[in-house]
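For reference, the structure is listed below as structure tokens.
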Amino acid sequence: MGAGKSKPKEPGQRSMSLDGTIGTGSDSGHFHHLGPAQQTQTPNRSPAVGTGRQGRQGQHQHAPTNTPELALFGGVDHTGTITSPQRGPLSGGVTTFVALYDYESRTASDLTFRKGDRLQIVNNTEGDWWLARSLTTGESGYIPSNYVAPSDSIQAEEWYFGKITRRDSERLLLNLQNRRGTFLVRESETTKGAYCLSVLDYDNTKGLNVKHYKIRKLDSGGFYITSRTQFTSLQQLVFHYRKHSDGLCHALTDVCPVAKPQTQGLARDAWEIPRESLRLDLKLGQGCFGEVWMGTWNGTTRVAIKTLKPGTMSPEAFLQEAQVMKKLRHEKLVQLYAVVSEEPIYIVTEYMSQGSLLDFLKGEAGKMLRLPQLVDMAAQIAAGMAYVERMNYVHRDLRAANILVGDNLVCKVADFGLARLIEDNEYTARQGAKFPIKWTAPEAALYGRFTIKSDVWSFGVLLTELATKGRVPYPGMVNREVLDQVERGYRMPCPAECPSSLHELMLSCWRKDPEERPTFEYLQGFLEDYFTSTEPQYQPGENL
């Protein structure tokens, strides 16, 4: 990301740098004050405990076109996750919180509030939804706990993004709507108790790029970037650098924009919901086993709805699996909101504005994508799958048709775990017409051995879909032929204009012995640092 040289608003002049305090960035974001990106579960803002904020999102309608390789359930969109703030009875301690975003009530028991409202927390023992009273209106009701932060805390500051990774800070800051000096403060990934100031910069050589400054802590409790200028609080530090660049690449201008995070679930106690609470508004796609709709829940909330054909899977087995799926929370996984558990089964998820990655790649927007954007999308998918890996879960159907795209090229993994439940004979035979053989590892296709390592094989095939802008893998070969050839050692050649280093990564995903394939944690790190450590001399080509 960020390989282009588009000028931001008001580029201005670069001022002198601080001795040893600036990590001057390459476009891929490898900076000498911050080590390799480490795993964090959610770059979404979970204010009361200081986790980060998520990227922007939108609600544009998008109707994907049908393609020869249908997704199991079609396509959908969106962004977000959080860990729940401190829990327990509120006796003493902080009970007054401030609203970080506007929230419109979705049910009769919810509380509407506006950004900046002060709220008294009455009960926070129920996790994601707290009972609160507005000190502005006097009304009471349930609120999403990730929409508030303790009053007068660092988490309540608009510029504080908490536990967001270096890479995610760059994704947010490199938005072309931002001007030079746009900034955020986040926790340091490498030094416990330290912070990092990330600032959007521009110069004629690099174009748009992000500078990262380590904010160090004094034993006395103060903060500094350079020891000659010290501050008693982070707020003071930010105030100072908004007035003067004082050695930074640019004075701080705007706080990095961020969309509201996803709530955890639609509302308190909204898991198994009545079919009548859902309205199907616009059909987005159709797959072998159902349809995907943009819809509305309770007349208030935009959602995506997967409708499954009766007989696709056992309602009892689905409900059991859904209980596991709803606990998988990561900003690169599409969030499962609710279910209608009687046939026809409905699966309610967050809505993703740009539809499936496959349709996105094959559309007009896909033609504009170049290697930095494609590699970044691959890194996001790997991040979601690294979380699946850590949770000892298996996707079983990883491909571009089951990745969803939001605004600003945000990618999320969808349909994880559902393939295991399908009861259709054309699918369960593993070599029937409905089975995605071209994405499936040989040990899974032949013997039903689905593991996270067979997901890694599928990820290698997904990389070819990215590099070819949505071309069907193994062009000109039918399913049976693919299985035979792969068993004999055939592997897809390097796609046109694709760097050999990326093809080597694909080949590592397709090693015959599953245990010799890389982990998703490795794949994520490799792709996030790709333009720093592997392809630093990348020059844009005609298609990539």
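The values are calculated or read from the model by the stated rules, or taken from the named source; none is laboratory data. None of these values were measured; they are calculated from a predicted model. For neighbour counting, all protein chains shown are included, and Cβ atoms are generated from backbone atoms with ideal geometry for every residue, glycine included.
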Based on this model, can you work out whether Ala382 counts as in the same structural domain as Ser454 (by the TED database), farther than 18 Å from Ile305 by Cα and buried (at least 22 other Cβ atoms within 10 Å of the Cβ)? yes
As an exercise: evaluate Glu331 against (1) without any contact (Cβ under 8 Å) to a residue 40 or more places away in the chain; (2) acidic (Asp, Glu); (3) under 26 Å from Ala379 (Cα atoms) and give the number of the one condition it does not meet. (1)
Looking only at the range 96-112, and only at residues there that are under 23 Å from Ser277 (Cβ atoms) and surrounded by 14 or more Cβ atoms within 10 Å (Cβ to Cβ), the one that is nearest to the chain's Cα centre (by Cα): Tyr103
Kindly indicate the residue of the range 404-414 that is at pLDDT 90 or above and more than 19 Å from Ile305 (Cα to Cα) and also surrounded by the most Cβ atoms within 10 Å (Cβ to Cβ) among those meeting that condition. Val410
Checking Asn204 against (1) touching a residue at least 24 places away in the same chain (Cβ under 8 Å); (2) surrounded by 15 or more Cβ atoms within 10 Å (Cβ to Cβ): exactly one of these is not met. Which one? (2)
By residue number, the members of the range 165-200 that are farther than 13 Å from Arg216 by Cβ and among the small types (Gly, Ala, Ser) are Ser169, Gly181, Ser198
If the requirement is being over 26 Å from Ala270 (Cβ atoms), part of a loop (DSSP other than H, G, I, E, B) and not assigned by the TED database to the domain that holds Asp281, which of these qualifies: Asn408, Asn392? Asn392
If I ask for residues that are closer than 19 Å to Ala156 by Cα, of a type outside the set (S, T, N, Q) and part of a loop (DSSP other than H, G, I, E, B), which ones from the range 94-114 would you list? Val94, Leu100, Tyr101, Asp102, Arg114
Which residues, counting only those in the range 187-232, are farther than 17 Å from Phe161 by Cβ and assigned to a loop (DSSP other than H, G, I, E, B)? Lys192, Asn204, Thr205, Lys206, Leu218, Asp219, Ser220, Gly221, Gly222, Ser227, Arg228, Thr232
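Here's the yes/no breakdown for (1) out of contact with any Lys or Arg (no Cβ under 7 Å at 6 or more places or on another chain); (2) buried (at least 24 other Cβ atoms within 10 Å of the Cβ):
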site: Thr137; (1), (2): yes, no
site: Ile143; (1), (2): yes, yes
site: Val148; (1), (2): yes, yes
site: Phe161; (1), (2): no, yes
site: Glu170; (1), (2): yes, yes
site: Arg180; (1), (2): yes, no
site: Gly193; (1), (2): no, no
Any residue that is polar (S, T, N, Q), more than 30 Å from Leu184 (Cα to Cα) and either surrounded by fewer than 21 Cβ atoms within 10 Å (Cβ to Cβ) or not assigned by the TED database to the domain that holds Leu174 (or both) - is there at least one of those in the range 248-268? no
Regarding the range 275-292, can at least one residue be identified that is part of a loop (DSSP other than H, G, I, E, B) and among the β-branched types (Val, Ile, Thr)? no
When Ala322 is evaluated against the numbered criteria (1) under 21 Å from the mean Cα position of the chain (by Cα); (2) buried (at least 18 other Cβ atoms within 10 Å of the Cβ); (3) touching a residue at least 40 places away in the same chain (Cβ under 8 Å), which criterion, by number, is the only one it fails? (3)
Restricted to the range 129-167, and to residues that are among the acidic types (Asp, Glu) and modelled with pLDDT of 90 or more, which residue is farthest from Leu200 (Cα to Cα)? Glu139
Residue set Ala365, Ala401; condition closer than 18 Å to Leu308 by Cα and assigned to a helix (DSSP H, G or I); output residue Ala401
Out of Arg106, Arg56, Arg87, I need the residue that is at pLDDT below 95 and under 30 Å from Lys211 (Cα atoms). Which one? Arg56
From the list Ser198, Ser227, exactly one residue is touching a strand residue (DSSP E or B) at 6+ places or on another chain (Cβ under 9 Å), farther than 24 Å from Glu104 by Cβ and touching a residue at least 12 places away in the same chain (Cβ under 8 Å). Which is it? Ser198
Please verify whether the range 328-345 includes one or more residues that are surrounded by fewer than 22 Cβ atoms within 10 Å (Cβ to Cβ), in a helix (DSSP H, G or I), outside the structural domain of Gly127 (by the TED database) and not charged (D, E, K, R). no
Among the residues listed as Met506, Met492, the single one being among the aliphatic types (A, V, I, L, M) and either touching a Pro at 6+ places or on another chain (Cβ under 8 Å) or not in a helix (DSSP H, G or I) (or both): Met492
